[in-house]
Amino acid sequence: MVLAWLAVLLSQPLLAGPDGAELFSRHCVACHGEEGRGGVGVPLALPAFLESVDDRFLTVTIREGRPGRVMPSFRTLSDAQIQAIVSYIRSWTDRPTPTFDPAPIQGDAQRGARLFASHCAGCHGPEGRGGHGTGVTFSRPRDLPIIAPALRNRGFLAAASDRLIRATLVRGREGTPMVPATSLGLDDRDIDDIVAYIRSLESTLHDERRRLQEKHDAEPTVLMEESSYTLEETVENVKQAIVGKNYRVVRVQRLEEGLVPEDQVNPRQVVVYFCNFNQLNQALAIDPRVGLFLPCRITVVEEKGVVRVYSTNPGRMAHFFNNDELKELCEEMSRTYEEILEEATL
Amino acid sequence: MRSILPILLLLLSFTARAEDLMMVRSTLSFPEAMVTLQNTIRDYGYTLSRVQRVDIGLTSFGFKTDKYRIVFFGKAEENRRMIARRPELVAYLPLKIAIFAEEDDTLLVAANPVKWLEGLVEDEELRIQFERWRNDLQAILEDVRRAEE
């Protein structure tokens, strides 16, 4: 009886096929917004975007993501589920879906590199590493309505065929700062050379993600030092060290405040919250999800007569954001945390 | 029935997300989403300990920002038990959810404890606890997401 019920329950969605709208709502809406209006992620519903990319581009992008550029990979989704999402995205436009010949384009990559530096790097960054920040306006003013994508990216290069890249160069992308290459005075040969250069970036990506993963795996989850001072002295030392690093102490409280009645709070667990608002503003512009780091904090604990100071390790946490730009900032924060812990306990 | 339950749980687990970050978009305005989030957190048996008003700090220093808050919450006894087992957890607790406005929508994001704290797993009790936190955070976010439906 139970088996029969279970079989019926599980067969319903299988028989019906994946629901693209529901899958999009579950996996994509948080970043790309309702009906692809954009947010942390790019505005997918942009007509100029949908008419310039083929279904393969969308499919591989969903599957592989954009390593280091926020967009995660969705390898747990089945081919049918990804196809359903792609079909849903296509339903936003009645313009025809383009197709591209997969044959590679021949060109002079070295010459293309020079042209890229002159005409493309201003938005796409040196070596096509991408523009700063994430997505569109995102609750704060931005210089561009859309952030130029990273071209030197394993996910992008796997998704985009040479001829898709070429077509984008030729037509530009209406509604974004990407103008047709011909309006910049570039001819067919120039465009082919730029395509060859972008494709050549693939060879520079070998092992980069693996090295980053190994670095992440080697990072401790928590930074910790034992203090030779009393709890109260250590808290004061932490506060002084924080100010010495150009941060502002915003709050000192016991860990359990607000969780238990005042008379039951453990007084030997103290949290020092601190902030550098300029740095915070920069971090939010890079990735608005950094609230998960906030506020900066050091926790001082006395347990059985031993005082220890703890902090999270932003350098390790950054890995979870899939945002290389944020990683640099977080590694700097980790070094600052380590220095504060050392100064407060030595 | 007992033998079928693990199979059912296994099958259903395929629908669970394993992202490092758990993020949802709510079409509720920020104030409505904030109230819904706090009520939902309480519904799941947690105590709200504090709300950090990130936007207030930023604007007081002259930076432009929309509403941006961090909501802290926890279960005191659970936290004490886990910190006693793994003192390093003190750096991560209480749990938190970041909530911020994006034009008319509201975004909510939480870290997946199973991923973020995997370096601290040293026994079954910790692993189960991290999964419980992950499930609760996921359910809270999902409830807020569906609140307008």
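The values are calculated or read from the model by the stated rules, or taken from the named source; none is laboratory data. If you're wondering where the values come from, they're calculated on a predicted model, not measured in any experiment. All Cβ positions, glycine included, derive from the backbone under ideal geometry; neighbour counts span all protein chains shown. Areas reflect the complete protein model, heavy atoms only, side chains present, ligands, DNA and RNA absent. Shrake-Rupley method; radii C 1.70, N 1.55, O 1.52, S 1.80 Å.
Among the residues of the range A:64-83, those that are closer than 24 Å to A:Ile286 by Cα and of a type in the set (Lys, Arg) comprise A:Arg66, A:Arg69. Residues in the range B:16-47 that are facing another protein chain (nearest Cβ under 7 Å) and either open to solvent by less than 30 Å² (accessible area, probe 1.4 Å) or modelled with pLDDT of 95 or more (or both): 5 in all. A:Arg114 fulfils the conditions (1) modelled with pLDDT of 95 or more; (2) crowded, with 16+ Cβ neighbours inside 10 Å; (3) charged (D, E, K, R) except for a single criterion, (2). Scanning the range A:47-76 for residues that are open to solvent by less than 40 Å² (accessible area, probe 1.4 Å), within 17 Å of A:Ile146 (Cβ to Cβ) and assigned to a loop (DSSP other than H, G, I, E, B) returns A:Ser52, A:Val53, A:Arg66, A:Val70. Contact map, the range A:61-89: first residue more than 16 Å from A:Leu212 (Cα to Cα) and of a type in the set (Lys, Arg), second residue at pLDDT below 95 and open to solvent by 50 Å² or more (accessible area, probe 1.4 Å), Cβ cut-off under 7 Å, separation 6 or more or different chains; pairs are A:Arg63/A:Ser73; A:Arg63/A:Arg75.
Scanning the range B:28-50 for residues that are more than 14 Å from B:Asp143 (Cβ to Cβ) and in contact with a helix residue (DSSP H, G or I) (Cβ under 8 Å, 6 or more places away or on another chain) yields B:Thr47, B:Leu48. All conditions in (1) modelled with pLDDT under 90; (2) under 28 Å from A:Cys275 (Cα atoms); (3) open to solvent by less than 60 Å² (accessible area, probe 1.4 Å) hold for B:Ser13, with the sole exception of (2). Restricting the search to helices (runs of 4 or more DSSP H) fully inside the range B:63-149 and requiring at least 1 residues that are more than 7 Å from chain A (Cβ to nearest Cβ) and small (Gly, Ala, Ser) gives B:76-85, B:124-146.
Put simply, of A:Val300, A:Val271 the only residue that is farther than 30 Å from A:Thr134 by Cβ, within 12 Å of another protein chain (Cβ to nearest Cβ), aliphatic (A, V, I, L, M) and open to solvent by less than 20 Å² (accessible area, probe 1.4 Å) is A:Val300.
If you filter the range B:104-117 down to residues that are charged (D, E, K, R) and touching a Lys or Arg at 6+ places or on another chain (Cβ under 9 Å), you find that the one that is least open to solvent (accessible area, probe 1.4 Å) is B:Asp105.
Here the helices (runs of 4 or more DSSP H) wholly within the range A:273-346 that include at least 3 residues being more than 21 Å from B:Gln52 (Cα to Cα) and free of Cβ contacts under 8 Å to residues at least 24 places away in the same chain are A:324-345. Annotation: A:Lys245 fulfils all but one of (1) at pLDDT 95 or above; (2) closer than 22 Å to B:Lys96 by Cα; the unmet one is (2).
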